[in-house]
Amino acid sequence: MKVTMIGTGYVGLVTGACFADLGHEVACVEIDERKLARLQAGEIPIYEPGLEDMVARNVDAGRISFTAKAAEAVPESDAVFICVGTPPREDGDADLSYVYAAARDIAPNLRGYTVVVDKSTVPVGTGDEVTAIIQKMNPDADFDVASNPEFLREGNAIDDFMKPDRVVIGVDGPRARAVMQALYRPLTLNEMPILYTGRATAELTKYAANAFLAMKVTFINEIADICERVGADVQDVSRGIGLDSRIGTKFLQAGAGFGGSCFPKDTLALTGTARKVGRPTKIVEAVMAANDERKRRMAGKIIDACNGDVAGKTIGVLGVTFKPNTDDMRDAPSLDILPLLQKAGARIRAYDPEGMGEARKYLSDIEWTEDAYGVMPGADALLILTEWNEFRVLDLDHIRRELKEPLIVDLRNIYRPAEMAEAGFTYHSVGRETAAPKTTDGATG
């Protein structure tokens, strides 16, 4: 089948590449000239494991191409996916201007029956507005609008597309359903579950899913705070409740708060929709407030670990992206935590395997280093903000020799407290007791 992706951001590029890998003919429309030039030159503008090789493979096979003009791609397409950003406005509602602009670009170029698919995360009713825009601009167009929300995790997006938990498709007619079935047929051979719903249901499902996951993250973070006060271990608590099949183990890792391109934006948009229809989501609103406070509290935790004062001290920081295996800095906890430390007088020296280029757009007065060990010489404390795998296997003896003080604040719980005490560190983590370094006779110092 012939498919067009409007927008080559994270969702559009990953989805387009995966459809091409399934054997479809995909054209990606990108109006940013610099970004388009990079794509046409074989450069991938985002970091996602496996994506560069997948795009290159399908470019060579002639199954994926890049253009600036919708008129070159849309007329021959069986399905046109809208994959543009829906950032929050000042009032918290999703900014749908890019979605509607895409609809206006699509409308005059439709030829023959086409399914226009909202892949962007959009509020309930967006599909109705996209339909109205196209009908007004092209009354003779033969089309349907479907909703096919994405559930891609950054850092694991290709596997999430190829081996998904489920695919949700919102359609209001049999012809649109038939086209979507044909698009996803290669995956259904592996018995992938597809849930067909009405369009409004599909639109709401994405918001509900992300709000629930954000709630799980916030819940375990609050349990972690209790654990620290009563001497419990939040990781064991997480296992204890996660083994209950009704709860599950995912998204129960305590940390510095959620961030990224989805959870903050989507919880905000859901609360906006709920207020408009007179059914405010008090739980989700509480989750958002708790998460904002979480990031500020983590800055205080770091300062407390430094004897209540970071003025003039150097903090070595490992990781600044909101999660590993991505260069995404959107709403990363580091964007709140590091400026608060700087405001308290700390000097920041930092390293991230993939995110430093993006981080420079948001963070200032940071000394960036070439590797993880570069943040450590003479630092008064080492702060772990992102759980990149390479940070899990660092040479602890080397770290201790490099740091001015053997102090580690680990906001991702990637080490065991007993192991860190044995290695001679004062080790602060999340939801676990602080580990004090052991002396040579085996006693704690």
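The values are calculated or read from the model by the stated rules, or taken from the named source; none is laboratory data. Because the structure is a prediction, the values reported are computed rather than measured. So basically every Cβ, Gly included, is an ideal-geometry build from the backbone, and we count neighbours across all protein chains shown.
Checking the stated criteria, residue 311 turns out to be among the hydrophobic types (A, V, I, L, M, F, W, C), outside any helix (DSSP H, G or I) and out of contact with any Lys or Arg (no Cβ under 7 Å at 6 or more places or on another chain). For first residues located in segment 150-173 and not assigned by TED's automatic domain parsing to the domain that holds residue 120, partners that are of a type in the set (Asp, Glu) and modelled with pLDDT under 95 and lie 6+ apart or on another chain with Cβ distances below 9 Å do not occur.
For the residues 261, 238, the requirement of being of a type in the set (Gly, Ala, Ser), out of contact with any Gly (no Cβ under 6 Å at 6 or more places or on another chain) and under 30 Å from residue 375 (Cα atoms) singles out 261. Scan segment 270-277 and tell me whether some residue there is touching a residue at least 12 places away in the same chain (Cβ under 8 Å) and within 19 Å of the chain's Cα centre (by Cα). Looking for residues that are touching a residue at least 12 places away in the same chain (Cβ under 8 Å) and within 19 Å of the chain's Cα centre (by Cα), one finds at least one in segment 270-277, hence yes.
Taken over segment 112-137, the criterion of being among the hydroxyl-bearing types (Ser, Thr, Tyr), under 22 Å from residue 268 (Cβ atoms) and in a loop (DSSP other than H, G, I, E, B) is satisfied by 120, 121. Does any residue of segment 304-316 turn out to be hydroxyl-bearing (Ser, Thr, Tyr), in the same structural domain as residue 225 (by TED's automatic domain parsing) and surrounded by fewer than 23 Cβ atoms within 10 Å (Cβ to Cβ)? Within segment 304-316, one or more residues are hydroxyl-bearing (Ser, Thr, Tyr), in the same structural domain as residue 225 (by TED's automatic domain parsing) and surrounded by fewer than 23 Cβ atoms within 10 Å (Cβ to Cβ). If you go through segment 1-38 and pick out every residue that is out of contact with any helix residue (DSSP H, G or I) (no Cβ under 8 Å at 6 or more places or on another chain) and either assigned by TED's automatic domain parsing to the domain that holds residue 389 or within 25 Å of residue 87 (Cβ to Cβ) (or both), you end up with 12. Applying the set (1) surrounded by fewer than 19 Cβ atoms within 10 Å (Cβ to Cβ); (2) aliphatic (A, V, I, L, M); (3) within 21 Å of residue 431 (Cβ to Cβ); (4) in contact with a Gly (Cβ under 6 Å, 6 or more places away or on another chain) to residue 290 leaves exactly one unmet item: (4). Would segment 375-394 turn up any residue that is more than 24 Å from the chain's Cα centre (by Cα), more than 20 Å from residue 348 (Cβ to Cβ) and either of a type outside the set (Ser, Thr, Tyr) or outside any loop (DSSP other than H, G, I, E, B) (or both)? Yes, segment 375-394 has at least one match. A single entry from 250, 276 fulfils the requirement of being outside the structural domain of residue 91 (by TED's automatic domain parsing), closer than 22 Å to residue 331 by Cα and out of contact with any Ser or Thr (no Cβ under 7 Å at 6 or more places or on another chain): 250. Has segment 32-45 got any residue that is within 25 Å of the chain's Cα centre (by Cα) and small (Gly, Ala, Ser)? Yes, segment 32-45 has at least one match. Filtered by the rule that a residue be surrounded by fewer than 18 Cβ atoms within 10 Å (Cβ to Cβ) and under 25 Å from the mean Cα position of the chain (by Cα), segment 355-367 gives 357, 360, 361, 362, 364.
Does residue 164 meet the test of being surrounded by fewer than 20 Cβ atoms within 10 Å (Cβ to Cβ) and modelled with pLDDT under 95? Criteria met by residue 164. If you check 334, 364 for being in contact (Cβ under 8 Å) with a residue 40 or more places away in the chain and in contact with a helix residue (DSSP H, G or I) (Cβ under 9 Å, 6 or more places away or on another chain), only one passes: 334.
With respect to the conditions (1) of a type in the set (Phe, Trp, Tyr); (2) closer than 30 Å to residue 48 by Cβ; (3) over 30 Å from the mean Cα position of the chain (by Cα), residue 425 falls short on a single one, namely (2).
Only one of these is closer than 24 Å to residue 265 by Cβ, among the aromatic types (Phe, Trp, Tyr) and either at pLDDT 95 or above or outside any helix (DSSP H, G or I) (or both): 427, 362. Name it.
Every option except 362 fails the conditions.
Is it true that residue 414 is surrounded by fewer than 23 Cβ atoms within 10 Å (Cβ to Cβ), part of a helix (DSSP H, G or I) and among the hydrophobic types (A, V, I, L, M, F, W, C)? No; evaluated as a whole, the condition is false for this residue.
Residue-wise test of (1) loosely packed, with under 14 Cβ neighbours inside 10 Å; (2) under 26 Å from residue 23 (Cβ atoms).
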position	(1), (2)
156	no, yes
179	no, yes
189	yes, yes
194	no, yes
211	no, no
239	yes, no
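Among residues of segment 402-419 that are under 16 Å from residue 438 (Cα atoms), those with a Cβ under 8 angstrom from a residue that is among the aromatic types (Phe, Trp, Tyr) and assigned to a loop (DSSP other than H, G, I, E, B), sequence gap 6+ or separate chain, pair up as 406/425; 407/425; 408/415; 408/425. Taken over segment 328-359, the criterion of being in a loop (DSSP other than H, G, I, E, B) and of a type in the set (Lys, Arg) is satisfied by 330 alone.
Looking only at segment 338-350, decide whether some residue is buried (at least 22 other Cβ atoms within 10 Å of the Cβ), under 23 Å from the mean Cα position of the chain (by Cα) and either modelled with pLDDT under 95 or not aromatic (Phe, Trp, Tyr) (or both). Yes, that holds for at least one residue.
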